[in-house]
1. Select from the stretch 136-156 the residues that are of a type in the set (Val, Ile, Thr) and loosely packed, with under 15 Cβ neighbours inside 10 Å and list them in ascending order.
2. Name, by its number, the condition in (1) under 22 Å from SER183 (Cβ atoms); (2) modelled with pLDDT of 95 or more that does not hold for HIS125.
3. Taking the stretch 101-134 as the region of interest, how many residues are closer than 19 Å to ILE161 by Cβ and not in a helix (DSSP H, G or I)?
4. Return the only residue of ASN197, ASN169 being free of Cβ contacts under 8 Å to residues at least 60 places away in the same chain, farther than 17 Å from ILE97 by Cα and surrounded by 13 or more Cβ atoms within 10 Å (Cβ to Cβ).
Amino acid sequence: MTDILMLSVCYPARRLRNAAAARSAALAVVLGLAGWATMPAAAATDLAEPVATPKTGVKTAQATKPATPRQQLKNEASSLALATSTVESISDVQLDIASRVLTGSADCEFDQHITVLPVDGQPGHFSVSHKKQHYRMVPRETQTGAVRLEDNAAGIVWLQIPTKSMLMNTRIGQRMVDACTHSEQRAALAAVAGAANSLGIVRSAAPTAAASAAQ
């Protein structure tokens, strides 16, 4: 009889405990769903999908962006500064020599031609052209006072004296073309010849061997 009474008392208490546990579980589920609903989308995604870990040593390709106008101007300024630094500086003495350089076309032996032109924006620099070759030259001082232009890199020299000019290759020690005259040189030669004729100066012939022996 006692066992029956204890069973009747304990059974309702067990049902009550089970009911309370069920309510607690349901409440936890409800609270969990509410928390999931209010979770940020990024966090929910992170929880929903695993993040792929990138492999070490693998570089992602980046698209090359076109240079902005400011970067283009900066690049052009750098290129101009580099080009300017490579131009040889010219002294006052070289500028004085440059003022005596005859420019334009010169007629040379064997129907050849040489053209000497100043380089724009670079005082004291000249472009000397022979056939299809072009040489960048600058003045050099000489002991004789002759006008000398030189392309040191190519080893080419343009030598100008009052009566003619010539193009020389100093590396092999040979004249490339000789007897070149500009219009001013031809005019100077004609003036000298005219002055000699007006003074009656006649160039004497060399004495013969017999005359020399008689003397």
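The values are calculated or read from the model by the stated rules, or taken from the named source; none is laboratory data. All values derive from a computational prediction rather than experimental measurement. Methodologically, a virtual Cβ is constructed for each residue, glycine included, from the backbone with ideal geometry; neighbour enumeration extends over all protein chains shown.
1. THR142, THR144 - these are the residues of the stretch 136-156 that are of a type in the set (Val, Ile, Thr) and loosely packed, with under 15 Cβ neighbours inside 10 Å.
2. Looking at each condition in turn, HIS125 falls short on (1).
3. Just the residues of the stretch 101-134 that are closer than 19 Å to ILE161 by Cβ, to begin with: 101-109, 112-116, 126, 128, 130.
Next, from what is left, pick out any that are not in a helix (DSSP H, G or I): 101-108, 112-116, 126, 128, 130.
Number satisfying all stated conditions: 16.
4. None of the other options fit; the residue is ASN169.
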